[in-house]
Structures are given as C-alpha cells and as structure tokens.
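All of the numbers you see were taken from the coordinates with simple rules; none came from a lab. Computed from a predicted model, the values in this text were never measured in an experiment. Every residue, glycine among them, receives a Cβ derived from its backbone with ideal geometry; neighbour counts consider all protein chains shown.
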Amino acid sequence: MQPFTDDDRDRIIEMAWEDRTPFEAIRAQFGLSEQGVIELMRRELTAASWRRWRARVQGRATKHAVRSAVDDARFHSKAQRSISGNKISKRR
C-alpha cells in the first residue's frame, strides 16, 4: 500500500464516513480500492468505531456509484446563501 500523509489519511477516513461519497471517488482521488479503504479504516479506527462504520457502510447503495440512485451527490444547504455571503466558514 502506498504511504499517505496524515492529511490524506484524515481525508480518506472523512470520505469513507460520508454516506454519499462512493468508494469510486476515493479510488479516483487517492488510488485506494474499496478493500484498501476497509483495511485503512480497520487499522486507523478504534474497535468500536470500526464496527459502527462497517455496520453503516455494509450494503449501503450510495457507497457504490453504479448502485446509487443519487444523480448529484453534492450537498448544498438551503441556508448556505444567507450565511456569510454564500460561504460557510469551516470550524476547526
């Protein structure tokens, strides 16, 4: 497996947790297969988080672009326009 920076690993984990981000998007951006994502999640998450993630992802159609009924997986909040001139600041 290729080495990832801490930021890359964090982003992969974030994308894997997102319901509407398919594994194909992770492959396109990071070159990591579904099995590779599963292995990374198992290695990086606590046991309880791993079980929760696997239960959440297993069988979810939106995690596979071919099986997903979502045409446009981008989320746009209805409140976004009124918040700070169409920009929502990220809090860290």
Q: Please give the net charge around residue 12, taking every other residue with its beta carbon less than 15 angstrom from that of residue 12, where Lys and Arg add +1 and Asp and Glu add -1.
A: -4
Q. So if we plug the beta-carbon distance of residue 7 and residue 43 into 1/(1 + (r/R0)^6) with R0 = 22 Å, what FRET efficiency do we get, rounded to 0.05?
A. 0.85
Q) If you plug each phi of region 42-58 into the Karplus form 6.51 cos²θ - 1.76 cosθ + 1.60 with θ = phi - 60°, what whole-Hz ³J(HN,Hα) values come out, in order, with x for Gly and Pro? A) 4, 6, 8, 8, 5, 4, 5, 5, 4, 4, 5, 5, 4, 5, 6, 8, 4
Q. Expressed as a whole percent, how much of the Cα-Cα distance distribution for region 10-68 exceeds 19 Å?
A. 18 percent
Q.
Between residue 50 and residue 17, what is the label-point separation in nm under the 7 Å Cα-to-beta-carbon projection?
A. 1.7 nm
Q: Show me 41-52, 22-33, 6-17 ranked by packing, highest mean number of other Cβ atoms within 10 Å first.
A: 22-33, 6-17, 41-52
